[in-house]
1. Looking at the chain, which of its residues are assigned to a strand (DSSP E or B) and over 11 Å from the mean Cα position of the chain (by Cα)?
2. Quick one: what pairs do we get from the stretch 28-50, first residue touching a residue at least 12 places away in the same chain (Cβ under 8 Å) and closer than 12 Å to Asp6 by Cβ, second among the aliphatic types (A, V, I, L, M) and not in a strand (DSSP E or B), C-beta under 6 Å, 6+ apart or different chains?
3. Out of all the residues in the stretch 1-25, which are in contact with an Asp or Glu (Cβ under 7 Å, 6 or more places away or on another chain) and either surrounded by fewer than 16 Cβ atoms within 10 Å (Cβ to Cβ) or β-branched (Val, Ile, Thr) (or both)?
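None of the figures in this text is laboratory data; all of them are computed from the coordinates on show. For clarity, every value in this text was computed on a predicted model and none was experimentally measured. Here Cβ is always computed from backbone atoms with ideal geometry, including for glycine, and neighbour counts include all displayed protein chains.
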Amino acid sequence: MKYICDVCKWEYDEEKGYPEGGIAPGTKWEDVPDDFLCPLCFVGKDQFSEIV
């Protein structure tokens, strides 16, 4: 699954993770820490939407 920041459109891909931010490839979105912030615009997880 992929998730997109509603503010700046940065994408989180569960397959790729976000190694630069300490999130391993294969990490499901629900397992990303609740205090995760978008690396581009710094909004929280509640500002991301699932890409369908």
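1. Correct list: Ile51 only.
2. Cβ pairs passing all conditions: Cys41/Val7; Val43/Val7; Gln47/Val7.
3. Within the stretch 1-25, Met1, Lys2, Ile4, Pro25 qualify.
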